[in-house]
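Below is one structure, written out as structure tokens; the observations come after it.
Quick note: the coordinates plus some simple rules give every number you see, no bench work behind them. Predicted model only: the values in this text are computed from it and were never measured. For neighbour counting, all protein chains shown are included, and Cβ atoms are generated from backbone atoms with ideal geometry for every residue, glycine included.
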Amino acid sequence: MLERFHVPPEIEVRVDPALMRGAVEELFVALGMPRGHAEQSADVLLYADIRGIDSHGVSNMLRYYVDAIRDGTINLEPRWRIIHDSPAACTIDSDGAHGGVIGPEAMRIAIERARQYGIGSVAVYNGGHYGAAAYTAAMALDEDMIGVSMTAGGVSVAPTFGAEPLVGLNPIAIAVPTREEPPFIFDGSMSSIAGNKVRLVQRLGRDTMPGWIAGEDGAPIMEERAIPDPFLMLPLGGTREIGSHKGYGLAVMVEVLTSLLSGGGGGPDRRARQAHHLLAYRVDAFTDLEQFKDDMDAYLRRLREAKTAPGEERVYYAGLPEHEEEAVRRELGIPYHPEVIEWFHDVLAELGLKDRLPGT
């Protein structure tokens, strides 16, 4: 993981995951969220924090969710329903539900249909931010299935050669079961950098990297410098010469499979808030499951044991760094910026909740 996104060790505040989970759950309940929804929403946030995906954990997302609950953007009592249905696929109107609730529910439906038909595909519209896409993709692993999760993120990316935001951040995640190796779990936005990571870098007072973002005029910023205001996100690849047309095309693909396929329009013309698409593949509907897991282990070992480039210590595959970071954070606690903990103290006091976090 890039150190640029980490809280400096000299100021970090380590918090036991169970302690933070309890604080998040109680906060959601105090704001009117049903207990079961609060537990599910907290699980999504803590999954990110425990695995080192700080951009999608408590530090960045919780404040957004609190504000969205308070201003009514998140419907705390949604009556979501299936509006289009077929044996292996369906579309859900989530009725403004918290994405951290409806996303996992949609993946459960996809998994159940995959049990019956070999594949399950669920589109969701009229929803909100559902946290790290890896969370819902990884739900399929418990069933020895492949999980795919994608979402129509904020429309803040300029198309290649463009100078206005017309494309969503639009992350894709895929989780693949293994036997002995840590599972392959890829999760990445189709922008050059995740939007939440820009906010994280700003909070830490650090500079943008070349090719992450563009200025207001659409010209890619190709040197380290302070993040300007305003700025535009760039597609994955940064510039056409490095392949931004591929990231741009993939982002449009996600827009099609999420927002457009669920009937909500695309990009700046979306009619129905945020949309998602969850898929589950039952491996034994395609091939022998045990052989597949053995083959995955063999391939992932080849990747992590690959010859390294000059100056590099080892090769990783997607999901391995997060697996290793999870072990560290479960033992030592999750590192938070002091500003995040101070915000928690203020909100818990405002809501009259008992504050067990460090510094109280």
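By its C-alpha gyration tensor, with a ≥ b ≥ c as the square roots of the eigenvalues, how is the range 202-349 shaped: rounded for a/c under 1.5, else prolate for a/b larger than b/c, else oblate?
rounded
Working ranking of peptides 212-224, 278-290, 296-308 by packing, defined as the average number of other Cβ atoms within 10 Å per residue, highest first, is 278-290, 212-224, 296-308. Ordering V24, Y64, G263 by Cα displacement along the dipole of the range 3-350 toward the positive end leaves G263 in first place; charges were set at the Cβ atoms of Lys, Arg (+1) and Asp, Glu (-1). Label-to-label distance, A298 versus D43, with points set 7 angstrom from Cα along the beta-carbon direction: 3.5 nm. Percent of C-alpha pairs per 20 Å bin in the chain, short distances first: 28, 61, 11.
Our summary gives the chain a relative contact order of 21 percent, counting only alpha carbon pairs under 8 angstrom and 6 or more residues apart. A Cβ-based charge dipole, computed about the Cα centre of the chain with Lys and Arg at +1 and Asp and Glu at -1, lands at about 580 debye. Within the chain, antiparallel bridges make up roughly 85 percent of the DSSP beta bridges whose residues both belong there. Overall form of the range 272-346: oblate. Here a/c, set by the Cα gyration tensor axes a ≥ b ≥ c, is 1.5 or more, and a/b is not larger than b/c.
Each 10 Å bin from zero up to the one holding the largest Cα-Cα distance in the range 1-77 carries the following percent of pairs: 18, 50, 25, 8, 0. Separation of the range 340-354 from the range 171-213 is 29 Å, based on Cα centroids. Whole-Hz Karplus values for the range 195-204 come out as x, 5, 5, 4, 5, 5, 4, 4, 4, 7 Hz, taken residue by residue from phi with 6.51 cos²θ - 1.76 cosθ + 1.60 and θ = phi - 60°; glycine and proline positions read x.
In the chain, helices alone account for a calculated mean residue ellipticity at 222 nm of -11000 deg cm²/dmol, with every DSSP H run of four or more residues adding -39,500 (n - 2.57).
The phi torsions of the range 96-109, fed into the Karplus equation with coefficients 6.51, -1.76 and 1.60 and a -60° offset, translate into couplings of x, 5, 4, x, x, 9, 6, x, x, 5, 5, 5, 4, 5 Hz, rounded to whole numbers, with Gly and Pro shown as x.
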